[in-house]
Amino acid sequence: MIELGIVDIREIIRLLQNNFNYDFSSLALTSFKYRLEHVIAKNNLNSAESLYRKLIDQPDFFSTFIHQVCVPSTEMFRDPSLWRWMRESYVPELDDKQLINFKIWLPYCVSGGELYSLAIFLKELDLLDKVKIYATSFSHKSIDYIKSGHYPFKKIEISQENYKRYKGTDEFVNYYKEDKYNAIRDTSLIKNVEFITDDFNFNNAPKNVKLILMRNVLIYFNPNHQDKVTKIIHENLSASGTFIIGLKEQIRTNTNGQTLFEPVNINESVYKRKIV
Amino acid sequence: MNYKAVIIGGSAGSFQIVTRILNSLPKTFPLPVLLCLHRLKHVRSGFVEALSLKSNIPVVEPCDKDQLKSGIAYLAPANYHMFIELANRVALSADEPVNHSRPSIDLSFITAANAYRDKLIGIILSGANRDGAFGLKKVADNGGVTLVQDPNESEVKTMPESVLKLTKVDYVYSADQIIRFLLKL
């Protein structure tokens with residue numbers, strides 16, 4: 001795999017800003033560099049220059065580029081204990097009144113792993129038709145990919161193990177179909193999901209959301225942008241709404257020593273919106 | 001002394017020597033110690049506690065974007081890649097496993113080599129696959145100091161041997177020699 005220098009990356013960020021009005025400077029540099037190298041390899045390119053050329057000469061490539069540069073979820077039901085906690089402690093607290101206009105938002109969907117996990121989770125609890133799910137992607141290519149249900153074979157085994165550890169009530173194999181060449185997810189799971197196209201500033205975020213599932217997304221932003229996104233999350237959550245991040249992610253305190261969230265279950269990185 | 005960090009990679013057979021290293025380092029060890037060791041992805045607790053038992057320096061699993069400090073050992077958390085950012089911070093990633101590994105030793109070593117250039121000490125210990133070989137080569141290419149546990153002494157030789165096949169290292173050392181080297185820093 002070719003390796004990019006810092007100058008190459010700054011140049012790519014400048015090009016994307018100038019030609020596509022898309023700001024990639026908010027991403028964490030090291031993982032962005034790694035993803036760019038991945039995109040270059042995946043498209044049989046051999047340098048930063050060849051990537052600029054492709055972006056400029058083939059305007060359609062831009063949405064593919066975003067889809068490929070964003071990190072996909074690599075397994076479903078990652079951290080099964082979080083899903084068990086949601087089933088055993090979070091969902092039982094929701095009464096009928098709270099379930100009115102219950103919005104759930106996934107702010108970063110690339111391959112759909114987390115979205116399909118959530119849909120299965122809700123379906124098994126008979127909640128899938130009672131809530132409204134919003135899924136944000138940064139490229140319509142990602143949305144097409146998720147809607148197609150395409151499910152790479154190599155990701156199935158680990159997801160199946162996670163689902164067993166979660167102790168789901170069905171069999172994982174019932175959620176996809178496979179033949180010799182492909183596995184396709186049960187796309188009826190996401191038929192009522194509303195997809196939103198946005199950029200890293202989340203201007204199209206849904207309002208008054210009761211649950212935001214954003215695990216291992218903040219890690220791909222730099223510290224400044226993490227703070228900005230955390231504020232956006234706070235603004236779009238309903239009063240005492242729930243915010244779930246990845247196990248090794250953290251919400252930093254702001255300069256006044258305040259935090260926008262309080263922990264609900266620190267072991268599983270579950271937080272609740274604080275009124276500030 | 002001119003170094004900024006020590007990075008250590010290992011898998012099968014490395015636990016004991018990592019424990020010995022941590023047990024030998026003084027509380028005032030002047031560098032951050034980055035540990036990238038293969039581990040079970042779904043077992044998230046226990047490892048850092050086990051390493052802490054006999055360690056003289058604190059052993060932590062960093063959160064994303066934590067600042068690295070001297071005299072602390074940072075263990076790559078289960079099911080994340082641990083990158084080192086230019087600003088002396090950890091950056092975690094849930095990207096695809098590399099050579100079936102997450103954390104990937106190669107990715108930790110490559111990013112640390114880019115961040116610290118010739119101010120990095122890279123050490124590969126006993127292990128059962130070739131993860132880490134490319135990473136240590138990168139440390140060498142960037143002018144850092146490279147050490148490999150002597151394959152004849154390693155419980156599992158594959159990892160140190162793959163390093164030696166790929167690149168010329170500065171020192172092929174026994175566990176005792178590795179510890180003596182670190183104590184001179």
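Just so it is clear, none of the values below were taken in a lab; they were calculated from the coordinates. Keep in mind it's a predicted model, so treat the numbers as computed, not measured. Ideal geometry is used to build each Cβ from the backbone, glycine not excepted, and the neighbour counts take in all protein chains shown.
Details
- Neighbouring partner chain Cβ atoms per residue of A:25-35, average, 10 Å criterion: 5
- Unit charges on C-beta of K, R, D, E only; dipole of segment B:5-183, Debye: 180 debye
- Taken one residue at a time, the phi angles of segment B:177-185 give Karplus couplings (6.51, -1.76, 1.60, θ = phi - 60°) of 5, 4, 5, 4, 4, 5, 5, 7, 6 Hz. Gly and Pro are set to x.
- For the protein assembly as shown: rounded, prolate or oblate by the Cα gyration tensor [a/c cutoff 1.5]: prolate
- The phi torsions of segment A:132-148, fed into the Karplus equation with coefficients 6.51, -1.76 and 1.60 and a -60° offset, translate into couplings of 10, 9, 10, 10, 9, 10, 9, 8, 5, 4, 5, 5, 4, 4, 5, 5, 5 Hz, rounded to whole numbers, with Gly and Pro shown as x.
- Cα lying deepest toward the dipole's positive end in segment B:5-183, options B:Ile105, B:Ile124, B:Leu51, charges on Cβ: B:Leu51
- Peptide B:99-112 - average C-beta neighbours from other chains (10 Å radius): 1
- Share, in percent, of DSSP beta bridges within the protein assembly as shown that are antiparallel, nearest 5: 35 percent
- In the structure shown, the pairs A:Lys231/A:Lys272; A:Lys141/B:Lys41; A:Lys130/A:Lys164; A:Lys103/A:Lys130; B:Lys137/B:Lys184 are assessed against 19 Å; a Cα-Cα span above that value is assigned to A:Lys141/B:Lys41; A:Lys130/A:Lys164; B:Lys137/B:Lys184.
- In terms of its C-alpha gyration tensor, chain A has an oblate overall shape, because the principal axis ratio a/c (a ≥ b ≥ c, square roots of the eigenvalues) is not below 1.5 and a/b does not outweigh b/c.
- Anisotropy class assigned to segment B:1-160 is rounded, per the alpha carbon gyration tensor with a/c under the 1.5 cut-off.
- The length gained on full extension between A:Tyr181 and A:Glu161, counted as 0.36 nm times the residue separation minus their Cα-Cα distance, comes to 5.0 nm.
- For A:Phe195, residues with placed amide H under 5 Å, excluding near neighbours: A:Ala135
- Mean separation of Cα contacts under 8 Å, 6 or more apart, over the residue count of chain B: relative contact order %: 22 percent
- Each Lys and Arg adds +1 at its Cβ and each Asp and Glu adds -1 at its Cβ; summed about the Cα centre, chain A shows a dipole of about 280 debye.
- Sum of side-chain charges, B:Val98 neighbourhood, beta-carbon under 10 Å (Lys, Arg +1; Asp, Glu -1): -3
- Residues of segment A:157-175 with amide N under 18 Å of the 7 Å Cα→Cβ point at A:Leu94: A:168-170
- Amide H partners (placed H, <5 Å) of A:Phe221, local residues excluded: A:Ala28
- Against chain A, whose longest principal axis is taken from its Cα atoms, helix A:6-20 shows a tilt of about 80°.
- Each of A:Phe200, A:Phe221, A:Phe61 has some number of other Cβ atoms within 10 Å of its Cβ, and from fewest to most they run A:Phe61, A:Phe200, A:Phe221.
- Straight-distance crosslink candidates among lysines, where the alpha carbon sits under 20 Å from B:Lys138 and sequence neighbours closer than 8 are dropped: A:Lys33, B:Lys4, B:Lys119, B:Lys165, B:Lys168
- Rounded to the nearest 20, the size of the Cβ-charge dipole of the protein assembly as shown about its Cα centre is 620 debye, with Lys and Arg at +1 and Asp and Glu at -1.
- Note, ³J(HN,Hα) from phi for segment A:188-205, Karplus 6.51, -1.76, 1.60, rounded to Hz, x at Gly and Pro: 5, 4, 10, 5, 9, 6, 9, 8, 10, 9, 8, 10, 6, 9, 6, 5, 9, 4
- Residues whose placed amide H lies under 5 Å from that of A:Ala183, excluding near-sequence neighbours: A:Tyr151, A:Phe153
- Per residue, the convex hull spanned by the Cα atoms of segment A:46-170 amounts to 127 cubic angstrom.
- Residue mean of other protein chain beta carbons inside 10 Å, B:76-84: 4
- Annotation for segment A:88-107 versus segment B:122-174: alpha-carbon center distance of 51 Å.
- Mean separation of Cα pairs under 8 Å and 6 or more residues apart, divided by the residue count, gives chain A a relative contact order of 18 percent.
- Among A:Trp85, A:Trp105, the order by Cβ neighbours within 10 angstrom, fewest to most, reads A:Trp85, A:Trp105.
- Sum of -39500 (n - 2.57) over DSSP H runs of 4+, divided by residues of the protein assembly as shown (222 nm, nearest 500): -10000 deg cm²/dmol
- For segment A:212-263 versus segment A:31-71, the inter-centroid distance based on Cα atoms is 29 Å.
- Pairs of Cα atoms nearer than 8 Å and 6+ residues apart set the relative contact order; for segment B:102-141 it is 58 percent.
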